[in-house]
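The values are calculated or read from the model by the stated rules, or taken from the named source; none is laboratory data. Predicted model, so just to flag it, every value in this text is computed and none were measured. Please note: Cβ atoms are built from the backbone with ideal geometry, for glycine as well, and neighbour counts cover all protein chains shown.
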Amino acid sequence: MIKIYGITPTRTARCLWMLGELGLEYEQIEVSLKEGEHKKPDYLALNPNGRVPTLVDGDLTLWESMAINLYLADKYDGGLKLKTPEDRARAVQWSFWGMTEIEPKLMTVLRNRVLKAEDERDAALGDEAEQELQAPLGVLNSALEGRDHLLDGAFSVADLNLAAITSWAKVGRVQLEPFPNVARWLSASLARPAYQKIFPGRK
């Protein structure tokens, strides 16, 4: 059986979402960051970075959430398999773009609006990061003009990977009104049953 190591309120969630979309049976093994379980020798033997998530599928041990999701979509299909090299390249493009252009800025917003204790937050840093998000959100908004998904056809791993990152905008109270295509696409993505199973009621 597939094993996924990590706790849900981390990047592990995007892999749990993928496993749910594919209808795969799996075992989630919680790795407590608070208790330092991610730095213990038995876990470091699986993931020497000491981060989550980590996937074990038979003889394969794989870390990095985007790599895990692209692998799962390619191996198990479930309707999310990328049928052409062109679509595969675009899925990688959007996944990596989300990690470089969206995720770091959203993490700064989250730290200074939600994650840190109130007396440790820097509101100006959070506001500055939201301002820096305007350009990439504009790029995404244009890409979604007149379409429901990033690739032609149905919901794919490209949508899942990028929506998993962009979902943090809602948690961080980033204003999406100036980007109606992003808001529409994100709401539809997060309404999917496999996501709702992980985060009930979050849209």
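Can you find, within the stretch 65-85, the residue that is nearest to the chain's Cα centre (by Cα) among those that are modelled with pLDDT under 95 and over 21 Å from Glu25 (Cβ atoms)? So, considering only residues that are modelled with pLDDT under 95 and over 21 Å from Glu25 (Cβ atoms), the one nearest to the chain's Cα centre (by Cα) is Leu82. Those helices (runs of 4 or more DSSP H) of the stretch 67-149 in which at least 3 residues are closer than 15 Å to Trp168 by Cβ, considering only elements entirely within it, cover 103-110, 123-132, 134-143. Arg184 falls short on exactly one of the conditions (1) surrounded by 14 or more Cβ atoms within 10 Å (Cβ to Cβ); (2) charged (D, E, K, R); (3) in contact with a helix residue (DSSP H, G or I) (Cβ under 6 Å, 6 or more places away or on another chain), and that condition is (3). Does Pro200 count as out of contact with any Leu (no Cβ under 9 Å at 6 or more places or on another chain) and not in a helix (DSSP H, G or I)? So Pro200 passes the test. Residues that are of a type in the set (Lys, Arg) and closer than 23 Å to Arg202 by Cα within the stretch 1-60 comprise Arg11, Arg14, listed in sequence order. For Glu27, the conditions (1) more than 18 Å from the chain's Cα centre (by Cα); (2) surrounded by 18 or more Cβ atoms within 10 Å (Cβ to Cβ) are fulfilled apart from (2).
Scanning the stretch 151-166 for residues that are in contact (Cβ under 8 Å) with a residue 60 or more places away in the chain, part of a helix (DSSP H, G or I) and either surrounded by fewer than 24 Cβ atoms within 10 Å (Cβ to Cβ) or not small (Gly, Ala, Ser) (or both) gives Val157, Leu160, Asn161, Leu162, Ile165, Thr166. The C-beta contact set for the stretch 176-187 (first residue over 13 Å from His149 (Cβ atoms), second residue at pLDDT below 95 and outside any helix (DSSP H, G or I), distance under 9 angstrom, 6+ apart or interchain) comprises Ser187/Lys203. Of all the listed residues (Gly98, Gly6, Gly20), the sole one being at pLDDT 95 or above, surrounded by 18 or more Cβ atoms within 10 Å (Cβ to Cβ) and in the same structural domain as Ala154 (by TED's automatic domain parsing) is Gly98.
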